[in-house]
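Undergrad: Mind having a look at this structure? Questions to follow.
The values are calculated or read from the model by the stated rules, or taken from the named source; none is laboratory data. Quantities reported herein were computed from a predicted structural model and do not represent experimental measurements. In this analysis, Cβ positions are derived from the backbone assuming ideal geometry, glycine residues included, and neighbour counts consider all displayed protein chains. For accessibility, only protein heavy atoms count, side chains too; no ligands or nucleic acids. Shrake-Rupley method; radii C 1.70, N 1.55, O 1.52, S 1.80 Å.
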Amino acid sequence: MNTRKLNHITIAKRDNILSKLSNGFEDYRFEYNAFPEINFDDIDTSTSFLGKTLSMPLMISAITGGINESIQINNTLAQFAQNYSIAMGIGSERILLENDALLNKGFNIRKLAPDILLFANLGAVQLNYGYTVEHCKKAVNLIEADAVALHINPLQEVFQNSGNTNFDNLLSKIEILCKNVNVPVIVKEVGFGISKNVAQKLVDIGVSCIDVAGRGGTDWIKIESISSENKIIQNVAKDFDEIGIRTADALYDIQNINILKIASGGIRNGIEIAKAISLGADITGIARGFLLNLDNLDEYYLTLLKSLQICMFSIGVKSIKELKSTTKIKFKPNTK
């Protein structure tokens, strides 16, 4: 597991692991407002999510944890999240549950970020491999998390060496978890999107929030195929470039479903953050962008923030609440 985690970090920085499909936001356009009737200085990007106030609707999506290389990455990101009041997810805690002593290898986020909105993280499929409600509670308690995210990654697992591929009857087990864990349960994909049909099933079993994590960013099939020495896996991986749901399309399809929504999957700038919010997301998540900008996080954040502010100004909205309810976004397919 240690080797796989290190390989994931190393490979994730390469450009050749990006999804062939775009995130889809280029097909959704804001109507420009030449008379915004607001003062730019009055624009407020803050928002509330799961009981905590964020400076903008943004979280650092799960990246890593549990290996030496995680320490600097997560400590840097934790301090940054604390300074700028944004949320943060953590890498899978399976390795931590197997060895509590690894807490200080990138999992002890609360030490540096006592006030942030923090999400624990486990693979949902582990509920079919011996994990119970108690394991999930422990994952939350060990890092003092505000919620637990269960990642669903069937395509990643099936391409992974010795992946956990038994996804049978998981919904019923997640339902039990929702009824017995004392924090909100988030279900997130890892880059292939969540459909309207699946979203409704998650609502029905009591999930608190969905992270659509759609196509457009890191492609975990490519990462696993690069990691694999199995020629069959490498060959088959090429056939799945266009499988999945683009992030913007996933949001559009579930916008009328009554559940909290996180938009992640290839979001790269403040305009795309604004589009995601206007399509129904409550907050957005970025992982690779933060990983690639560890040495200039202040500049990276301020660029995202300024882009979001200017986008809001250009359509005449001065709060995230107004942005979320705007009707000034339309589906206009990019024909280029």
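Undergrad: Taking +1 at the Cβ of each Lys and Arg and -1 at the Cβ of each Asp and Glu, which of Gln79, Asn235, Leu171 sits farthest along the dipole of the chain towards its positive end, judged by Cα position relative to the Cα centre?
TA: The residue sitting farthest along the positive end of the dipole is Asn235.
Undergrad: For Val183, what accessible area in Å² do you get when you roll a 1.4 Å probe over the heavy atoms of the protein chains, rounding to the nearest 10?
TA: 30 Å²
Undergrad: Follow-up. With a cut-off of 8 Å between alpha carbons and a minimum separation of six or more residues, what is the relative contact order of the range 93-149 in percent? Don't skip to the answer; put the middle values down first.
TA: Working: 51 pairs, mean separation 25.5, N = 57.
Relative contact order of the range 93-149: 45 percent.
Undergrad: Could you provide, to the nearest whole Å², the per residue accessible area of the chain with probe 1.4 Å?
TA: Accessible surface, normalised per residue, equals 44 Å².
Undergrad: Same structure, new question: Give, rounded to the nearest 20 debye, the magnitude of the charge dipole that the range 34-100 has about its Cα centre when Lys and Arg contribute +1 at Cβ and Asp and Glu contribute -1 at Cβ.
TA: On the way: 2 positive and 8 negative charges, 37 e Å.
Charge dipole, the range 34-100, about its Cα centre: 180 debye, nearest 20.
Undergrad: Can you bin the range 202-318 into rounded, prolate or oblate? Criterion: square roots of the alpha carbon gyration tensor eigenvalues sorted a ≥ b ≥ c, rounded for a/c under 1.5, prolate for a/b above b/c, oblate for the rest.
TA: Values: a/c = 2.38, a/b = 1.36, b/c = 1.75.
Taking the square roots of the gyration eigenvalues as a ≥ b ≥ c, the range 202-318 is oblate.
Undergrad: Tell me whether the range 82-230 comes out rounded, prolate or oblate; compute the Cα gyration tensor, take square roots of the eigenvalues as a ≥ b ≥ c, and use a/c under 1.5 as the rounded threshold. Could you put the intermediate results ahead of the total?
TA: Details: a/c = 1.38, a/b = 1.18, b/c = 1.17.
The shape class here is rounded.
Undergrad: Suppose we flag chymotrypsin sites (Phe, Trp or Tyr not before Pro) only when DSSP calls them loop and at most 14 other Cβ atoms lie within 10 Å. Which is the longest uninterrupted stretch of the chain?
TA: Working: sites that count: Tyr32, Tyr129.
Longest run free of exposed loop sites: 130-336.
Undergrad: If you don't mind, there's one more thing I want to ask. So which GluC sites (Glu not before Pro) in the range 213-283 end up in coil per DSSP with only 10 or fewer other C-beta atoms within 10 Å?
TA: Glu229, Glu242
Undergrad: Counting alpha carbon pairs within less than 8 Å and at least 6 residues apart, what relative contact order, in whole percent, applies to the chain?
TA: Details: 673 pairs, mean separation 82.3, N = 336.
Over the chain, the number comes to 24 percent.
Undergrad: Quick check for the range 120-239: number of Lys pairs with alpha-carbon distance under 21 Å, counting only pairs 8 or more apart or on different chains?
TA: Lysine pair count for the range 120-239: 16.
Undergrad: Separate question: Round to a whole angstrom and tell me the spacing of the C-alpha centers of the range 121-194 and the range 59-118.
TA: 18 Å
Undergrad: Could you give me the ³J(HN,Hα) list for the range 63-72, computed from phi with Karplus coefficients 6.51, -1.76, 1.60 and θ = phi - 60°, whole Hz, x at Gly and Pro?
TA: Couplings: 10, 7, x, x, 10, 4, 5, 6, 4, 5 Hz.
Undergrad: When the accessible area of the chain is split by element with a 1.4 Å probe, what percent falls to carbon and sulfur?
TA: Details: 7050 of 14720 Å².
Using a 1.4 Å probe with all protein chains present, the chain comes out at 48 percent carbon and sulfur.
Undergrad: Dipole size in debye (nearest 20) for the chain around its Cα centre, Lys and Arg Cβ +1, Asp and Glu Cβ -1? Please report the intermediate quantities before stating the final value.
TA: Working: 35 positive and 36 negative charges, 57 e Å.
Computed about the Cα centre, the dipole is about 280 debye.
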